[in-house]
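Below is one structure, written out as structure tokens; comments come after it.
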Amino acid sequence: MLKRVYRLTKHGSFGFVYRKGENKASAAFSLFYVRSATFRIGFSVSNKLGKAVVRNKLKRRMRAVIEDMLPLPNYQMVLVAKHKATELDYQAIKNDIRGLFQRAKLTG
RNA sequence: CGAGAUGAUCGGGCGGUCGCGUGUUUUCACGAGGAAAGUCCGAGUACCGCAGAACAGAAUGCCGGCCAAUUACCGGUGAAGGCGACUUCAAGGAAAGUGCAACAGAAAUAUACCGCCCGAAUAAGGUAAGGGUGGAAAGGCGAGGUAAGAGCUCACCGCCCUUGCGGCAACGCGAGGGGCACAUGUAAACCCCAUUCGGUACAAGAUUGCGAAGAGAUAUAAGGUUGUUCGCCUCUCUUCCAGUAUCGCUCGAACUCAGCGGCAACGUUGAGUCAAGAUAGAUGACCGCCGAAUACAGAACUCGGCUUACAGAUCAUACUCGGUAA
RNA sequence: GCAGGAGUCGCCUAAUGGUAUGGCAUCAGCUUCCCAAGCUGACAUUUGCGGGUUCGAGCCCCGUCUCUUGCU
């Protein structure tokens, strides 16, 4: 689990990133990002992707992947899961997200 | 051996590495469920210038028990279903009134189509035994009786009234009488009777820290208390910005084990325990061993009940039915 | 988290407790040299699912599933 300081916590912040940020997408995830003073990231998994157990598990795996990739550059970003993400195992999620960050040139 | 019935239980365990939340400051401890779900009932708790009356509205409806509370729990009664163990049931009132009962049928709450009897008759009359329709056709069935028939009379059953015994009661088992009536069904149709119900739900609300603009001036205003009316109450109210921090937030009708009372729900006594409290929201990643380890599924103020989802495994019974053997 | 609403052919929709209606679409035929339009006919709904009340449920009652709206 990420420490609190690395998390995006306000509803307004999510809106800010969606409005101002650039985005890149893969089959399973979308990434919105905007330059900032510190690194923060938020995770978004829609109600439509499944029941609570499925959504929570997906969020935990996303956090585990990001936690493994630290440190990351100073951006505020939002990682959004798409339908296909529910079908992937941990290793596939990891590869997908790493590829996404490389294409966005955000690797530390 | 096969097919069932009922009542229960479990819902992976152990260890390692890297991380997260809370508490304590650490090398530590604890960290989702039996349904956390649906939100269908019932409460606690909080607030609403205190809780008054009438009407409207809603809910419930056999009896007893239990509970903080409930129509939802437990036990019984009755009815229905099943060969049976057993299961299911919103189960008051239809002579208070109103409505509805398609089609069929002569006729649907009132009647005579066919038939039967009487008769000279195709007239008039008697007749609900038989026919056919229907969910329902003048209590059922048999005998007597009769012109033919009919509770017209009688036996048995049903119904109604009275009454004895048993049971706290619902009700059950009998006895005597009525001679069957305003005569069917539907109240999960309106309704009647009885009982109950103030509103809003922790995003309730409390504390702290703050701003900006505007309006009314003692009443036929505005607002609150409930949907309406009455009654009662109030001096501040409205709009905009910000929406932060702390509390509420987990010790509670609590849980575990044992004894006692009770068929049970449950009660009671003793001992022990403190066991999530997040706030964009904490349980993940990797590995080893046992191994069938795979289901349904993730706390958001808290409890009691109900309902629904669920892999696999286990236990109990003077349980039931069938087959085989002795 | 809390409070409401809806579910009927492939799509849209009607129905007072009594055979579930109509339009579009689809299929076949007629018409045309061919297509479209037009005309005629056919097809398909056991009313989301499971129970109950009733002689009889799309309709009344209970449970459940799915979708959806509002508050925040």
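Out of the DSSP beta bridges found with both residues in chain A, what percent are antiparallel (nearest 5)?
65
Which is the longest stretch in chain A that no exposed loop site breaks, taking sites as trypsin sites (Lys or Arg not before Pro) with a DSSP loop state and at most 14 other Cβ atoms within 10 Å?
Between the exposed loop sites, the longest stretch runs A:52-104.
Over its Cα atoms, what ratio of radius of gyration to 2.2 N^0.38 Å does chain A give?
Taking the Cα Rg and dividing by 2.2 N^0.38 Å, one obtains 0.98.
Less than 15 Å apart at the alpha-carbon level, and either on another chain or at least 8 residues along: which aspartates and glutamates does that give for A:K105?
Correct list for A:K105: A:E22, A:D96.
Rule-based calculations on the coordinates, nothing more; no lab input. A quick note: this is a predicted structure, and the numbers were derived from the prediction, not measured. FYI the Cβ positions are ideal-geometry reconstructions off the backbone, even for glycines, and counts take in every protein chain you see.
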